[in-house]
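This report concerns only the one structure given below.
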Amino acid sequence: MTSAEVMSWVVERRHARRQRVRRLPLTAMSDWSFDVDTGNLGHVSGRFFTVEGLRVRTDFGPVREWSQPIIHQAEIGVLGIAMREIDGLLHCLMQTKIEPGNIDGVQLAPTVQATRSNYLRVHGGAAVPYLECFIGVDPGHVVADVLQSEQGSWFYRKRNRNMVVEVGDDVEATEDFRWLTLGQVYELLRVDNLVSMDARTVLSCLTRDTAAAAGRPGDAVPADFERSLASSGDADENGLHTETEVLSWVTEMHARYELGSTLVPLNEITRWQRSSHAIAHELGVFFNVVALDVESEGREVRAWQQPIIEPVGIGVCALLVRSFGGVLHALVQARVEPGCLDVIELAPTVQCTPTSYARLPPGSAPPLLDLVLAGRPEKIRFDAELSEEGGRFLHARSRYLIIEVDEEIGAAAPPGFHWLTVRQLGDLLTHSHYVNVQARTLIACLVSL
């Protein structure tokens with residue numbers, strides 16, 4: 001398929017897989033209810049997920065103590081891309097998947113995107129297509145397989161198994177699936193709200209060498225930027241820091257910050273108010289918990305109701321990059337989020353929703369946010385609005401940016417920040433709980449260049 005044919009196919013599937021989503025009162029959801037004693041919101045089966053309370057104490061950031069609702073989903077799902085070589089090019093089996101929280105309904109998703117409850121068919125629906133390619137797969141066909149976290153502000157210690165598996169020519173694309181070149185998938189990252197979060201996190205787990213074989217014609221970027229990005233994938237690159245120094249810094253960040261996150265009954269959290277249609281913060285910021293009634297074609301179950309998180313405001317996730325010694329480096333921060341399993345994960349240079357800071361004292365905004373918002377157009381290497389996962393989040397989107405800087409930030413990074421090469425970030429991605437989901441999106445976008 002040409003890129004134009006891919007876009008036509010997506011539009012055609014959006015028309016074919018219609019979806020009706022409407023809001024309803026929280027207490028009107030069938031199979032979901034508030035527990036009489038705790039106030040927690042859960043499913044009658046005891047599976048899927050619950051909305052509970054979280055009490056947080058930390059020494060990171062401008063606010064040190066608060067409580068909030070949070071999604072508790074203990075089960076580990078599968079996010080997997082099947083890959084094979086066709087006519088000398090790497091191809092990914094991608095699906096057009098419809099989710100109630102997606103902007104435009106259908107987005108380009110991985111081959112398999114399923115919670116454990118879904119693939120065990122707790123909902124009584126149809127089987128998950130292509131699941132057999134990932135569960136019990138021969139290790140010799142595994143390209144990548146690692147547990148990765150999800151949004152630490154909205155999920156409590158949530159993890160999914162991110163997999164890339166090599167398959168044979170006996171795996172054929174069915175109606176909602178197509179074999180796209182890896183280069184095409186990278187190219188489509190630039191289209192607003194098209195490539196899903198689940199696809200982006202799996203893409204980030206590919207090695208730099210695999211991505212280099214994508215066969216994608218690159219966009220016009222300055223020659224020195226292209227050279228420094230290419231050098232950042234070399235095994236003999238000269239980064240600012242050695243592997244030992246990087247791991248020592250990450251360990252220091254784990255030891256420096258404190259995080260006490262305790263699940264509590266939802267009816268014990270403070271400053272959050274429950275109305276008939278939402279659980280919302282008293283200041284109208286952060287996010288709301290709302291209820292949806294969904295009728296959707298092309299899903300294992302055609303109709304259901306569920307709670308979902310609706311963010312307030314559009315986020316900004318930005319990665320500042322700079323060449324040192326001819327090798328491109330990315331500036332990451334050690335970030336504490338309440339749902340983190342291990343205190344901190346590496347995050348983009350800036351990750352925030354600017355409107356959330358409007359009512360905080362002056363100086364509370366994240367470091368370097370002003371530099372990102374004032375980024376010169378000629379220095380912006382990537383700029384797209386991308387959505388978060390539409391099964392749990394309603395129209396959650398952020399502006400994702402990669403901005404090249406010069407002397408604005410030196411080799412000595414600000415406190416809590418560190419310069420890492422693309423290869424060093426890729427090495428960390430072979431392990432769990434090092435790099436958060438927003439940074440993984442930006443790594444996939446950076447490699448796509």
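The values are calculated or read from the model by the stated rules, or taken from the named source; none is laboratory data. Bear in mind that the values here come from a model prediction, so they are computed numbers and not experimental data. Reconstructed Cβ throughout: ideal geometry from the backbone, glycine too, with neighbour counts over all protein chains shown. Areas reflect the complete protein model, heavy atoms only, side chains present, ligands, DNA and RNA absent. Shrake-Rupley method; radii C 1.70, N 1.55, O 1.52, S 1.80 Å.
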Subject >> Residue in segment 336-353 that is more than 21 Å from residue 68 (Cα to Cα), in contact (Cβ under 8 Å) with a residue 40 or more places away in the chain and open to solvent by 30 Å² or more (accessible area, probe 1.4 Å) present >> reply: no
**OP:** Of the conditions (1) touching an Asp or Glu at 6+ places or on another chain (Cβ under 8 Å); (2) closer than 14 Å to residue 319 by Cα; (3) of a type in the set (Phe, Trp, Tyr), residue 434 clears all except one; give me its number.
**Re:** (2)
Original post:
For residues in segment 9-49 being without any contact (Cβ under 8 Å) to a residue 24 or more places away in the chain and assigned to a strand (DSSP E or B), which is least open to solvent (accessible area, probe 1.4 Å)?
Top reply: 42
Subject >> Selection count, segment 50-77, where residues are open to solvent by 10 Å² or more (accessible area, probe 1.4 Å) and not in a strand (DSSP E or B) >> reply: 9
Original post:
With respect to the numbered conditions (1) out of contact with any helix residue (DSSP H, G or I) (no Cβ under 7 Å at 6 or more places or on another chain); (2) within 19 Å of residue 71 (Cα to Cα), which one is the sole condition not fulfilled by residue 374?
Top reply: (2)
**OP:** Pull up segment 107-125, narrow it to residues that are more than 18 Å from residue 72 (Cα to Cα), open to solvent by less than 50 Å² (accessible area, probe 1.4 Å) and of a type in the set (Gly, Ala, Ser), then point me to the one that is modelled with the lowest pLDDT.
**Re:** 125
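Quick one: which residue in 167, 171, 202, 185 is open to solvent by 10 Å² or more (accessible area, probe 1.4 Å) and either under 23 Å from residue 98 (Cβ atoms) or touching a His at 6+ places or on another chain (Cβ under 6 Å) (or both)?
171
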**OP:** Could you look through segment 214-253, keep only residues that are open to solvent by 90 Å² or more (accessible area, probe 1.4 Å) and outside any helix (DSSP H, G or I), and pick out the one that is modelled with the lowest pLDDT?
**Re:** 217
Original post:
Which condition number in (1) buried (at least 18 other Cβ atoms within 10 Å of the Cβ); (2) β-branched (Val, Ile, Thr); (3) farther than 30 Å from residue 115 by Cβ is the one that residue 409 fails?
Top reply: (1)
**OP:** Residues being within 22 Å of residue 444 (Cα to Cα), assigned to a loop (DSSP other than H, G, I, E, B), among the β-branched types (Val, Ile, Thr) and over 23 Å from the mean Cα position of the chain (by Cα): count how many of those fall in segment 292-343.
**Re:** 0
Subject >> Hits in segment 184-202 (condition: among the aliphatic types (A, V, I, L, M) and either more than 19 Å from residue 397 (Cα to Cα) or free of Cβ contacts under 8 Å to residues at least 60 places away in the same chain (or both)) >> reply: 185
